1. Taking 0.36 nm per residue of sequence separation and subtracting the Cα-Cα distance, how much length would be gained by fully extending the chain between Leu58 and Glu2, in nm to one decimal?
2. Please give, to one decimal in nm, the separation of the simple spin-label points placed at Lys225 and Lys184, each 7 Å out from Cα toward the Cβ.
3. Taking 4 °C and 1.567 mPa s as the conditions, I'd like the Stokes-Einstein D for the chain in µm²/s, using the Kirkwood hydrodynamic radius from alpha carbon pairs.
4. What are the lysines whose alpha-carbon lies under 23 Å from the alpha-carbon of Lys142, with same-chain residues fewer than 8 places away excluded?
5. About the Cα centre of the chain, what is the dipole size in debye to 20, counting +1 per Lys and Arg Cβ and -1 per Asp and Glu Cβ, all else neutral?
6. To the nearest Å, what is the center-to-center distance of segment 64-143 and segment 208-229, using C-alpha atoms only?
7. Among Ala242, Gln183, Gly150, whose Cα sits farthest toward the positive end of the charge dipole of the chain (+1 at Cβ of Lys/Arg, -1 at Cβ of Asp/Glu, about the Cα centre)?
8. Hey, rough spin-label estimate for Ala177 and Glu195, points 7 angstrom out along Cα→Cβ, what's it come to in nanometres?
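FYI, it's all coordinate maths here, none of it is from the lab. Being a predicted model, the structure only gives us computed values, none of them experimental. Cβ atoms come from the backbone with ideal geometry, glycine included; neighbour counts cover every protein chain shown.
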Amino acid sequence: MEPLLKAEHLTKTFHSQGREAYTAVDDVSFSMFPGEKLAIIGESGSGKTTVVNMVTRLLDVTSGTITLDGEDITHYRGRQMKKIYRKMQMVFQTPSDSFDPRRTLGDGIAESLINHGAGKKEAMLQAEDLLGLCGLEKEFAKRYPHEVSGGQCQRAAIARAIAIGPKLLILDEATSALDVTVQKDILELLTKLKEERNMSYLFICHDIALVQNFCDRVLVMYHGKIVEEGVPDEVVRHPREAYTKNLIDCIL
Ligand SMILES: Nc1ncnc2c1ncn2[C@@H]1O[C@H](COP(=O)(O)OP(=O)(O)OP(=O)(O)O)[C@@H](O)[C@H]1O
Ligand SMILES: [Mg+2]
């Protein structure tokens, strides 16, 4: 099977003024297959967000290549990006980051559809359906981000992210800000969407128990490198690296 996403030798060195160059991601390679739920864990500052920001092209790579669905997207910009966002979308830690505070959730979701060619009326109807799919009543389309709870806003953010039918959803701490029961609801929603749409998830997370329950495979990052990879249960029970063992002991 062809990988959906292939990251090869990704490296990111930041050159900030007045400071020494800092390599936040150092020669990271991994593949993701269609339908897979892959987690990246690692202590704060280990480079997880930098990896996903390179993958989604929010950040230029220093070196390495990114292949999405067989296409080298490493240096894509502008209009080319629009094409890749049909296949890959992100959900952020702060649910309201996905929306403009001055516009309704319905408008926010419809915007994504309109950007990809839908008519205005049709987009609004689809936005309501998507909210429904994500467990929110139609009337939520008329609400503003500040008029809903964090969990409801994250459902709407997922509705927005899946609107144009991406194959890959990248979730960077997308459930971390939510309380455990809401977290569980969101994971159930993701599981349902995966079954209905055969989606793949790249899941950045601090919660090892959640990774064990939800993900098929985990990468452990430390100081910008992947130090361990495996099935979450095995990695938790028999960590090969001292760092992974420490990380798990700290989290559990
Ligand atoms: N724009 C930047 N300029 C300079 N250094 C940066 C920049 N962005 C990130 N870094 C540094 O790169 C390292 C990795 O950051 P990154 O955000 O990828 O970590 P992370 O694993 O996502 O951490 P967390 O779990 O806290 O979100 C950190 O030391 C950070 O300070
Ligand atoms: Mg991060």
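1. On the way: separation 56, 0.36 × 56 = 20.16 nm, distance 2.45 nm.
Taking Leu58 through Glu2 to full extension adds about 17.7 nm, to one decimal.
2. The modelled label-to-label distance comes out at 4.0 nm.
3. Details: Rh = 18.8 Å.
This corresponds to a translational diffusion coefficient of 69 µm²/s.
4. Filter leaves Lys120, Lys121.
5. Details: 31 positive and 36 negative charges, 163 e Å.
Dipole of the chain, to the nearest 20 debye: 780 debye.
6. Centre-to-centre distance over Cα atoms comes out at 27 Å.
7. Value: Gly150.
8. 2.9 nm
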